[in-house]
Amino acid sequence: MPANAPGRAALAPTFSQSEFRAALGMFATGVTIVTARTHDGKLVGLTANSFNSVSLAPPLVLWSLSHSARSMATFRSVSHYAVNILGAGQQELAKRFAARSGDRFDQVDYVASASGAPLLSGAVATFECFNRSRYEEGDHVIFVGEVERCNHAHGESPLLYHGGKFYAEHPL
């Protein structure tokens, strides 16, 4: 029977959610802040490390967001958002946008993208995305963005996340 045949299902996990989370933490990722501007002008942003490239032609990227996130309704409804890849010196910014309270944009330098989404100063790369599609999987929604514009800083080091800690990239 082919792997994708109807009626075939995965076996129940043999591990706990905390064991799964710890295993996932062994994969080092970059750190991003995904930003948008609502239809009424409110700025929204959150720290995410669930970012990946999908396709070069057309240029597509993805990221995911928990169903329970306060910003879920915003990201479902906006036509555009920006993915800001943080630089090695932006750990405090990552923590600020991961916090559950406070004005995340207070005293944060940014410029508005063509769609109005904030592009954060100091980011090592930015991707201005059309909110192309969404896929509901498990307890998250996977957002696929079609990149309309991108930019990057030459020679800058990214902020990395591994095992629950931030790291600055150093050449070997």
So for segment 138-147 (the condition being over 16 Å from the mean Cα position of the chain (by Cα), of a type in the set (D, E, K, R) and farther than 12 Å from TRP63 by Cα), does at least one residue qualify?
no
Out of the strands (runs of 3 or more DSSP E) lying entirely within segment 62-168, which hold 3 or more residues that are open to solvent by 20 Å² or more (accessible area, probe 1.4 Å)?
110-112, 125-137, 140-152, 159-162, 165-168
Looking at (1) at pLDDT 95 or above; (2) over 25 Å from PRO158 (Cα atoms), find the lone condition where THR35 falls short.
(2)
Looking at SER18, is it more than 13 Å from the chain's Cα centre (by Cα) and surrounded by fewer than 10 Cβ atoms within 10 Å (Cβ to Cβ)?
yes
So, ASN52, is that one among the polar types (S, T, N, Q), closer than 25 Å to HIS154 by Cβ and surrounded by fewer than 18 Cβ atoms within 10 Å (Cβ to Cβ) or not?
yes
Selection within segment 50-87 - under 19 Å from ASN151 (Cα atoms) and at pLDDT below 95
none
So, first residue in contact (Cβ under 8 Å) with a residue 12 or more places away in the chain in segment 48-73, second residue part of a loop (DSSP other than H, G, I, E, B) and open to solvent by less than 50 Å² (accessible area, probe 1.4 Å), Cβ within less than 9 Å, six or more apart or across chains; the pairs are ALA48/VAL31; ASN49/VAL31; PHE51/VAL31; LEU62/SER50; TRP63/SER50; SER64/SER50; LEU65/SER50; LEU65/SER71
Tally up the residues in segment 17-42 that are assigned to a strand (DSSP E or B) and farther than 16 Å from CYS129 by Cα, please.
2
Per the list (1) touching a helix residue (DSSP H, G or I) at 6+ places or on another chain (Cβ under 9 Å); (2) β-branched (Val, Ile, Thr); (3) open to solvent by 20 Å² or more (accessible area, probe 1.4 Å); (4) over 24 Å from GLN17 (Cα atoms), residue check on THR47 breaks on (4)
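The values are calculated or read from the model by the stated rules, or taken from the named source; none is laboratory data. Please read these numbers as outputs of a predicted model, since none were measured by experiment. Cβ sites come from the backbone with ideal geometry, for glycine too, and all protein chains shown count toward neighbours. Heads up: the accessible areas ignore ligands, DNA and RNA and are worked out on the full protein's heavy atoms, side chains in. Shrake-Rupley method; radii C 1.70, N 1.55, O 1.52, S 1.80 Å.
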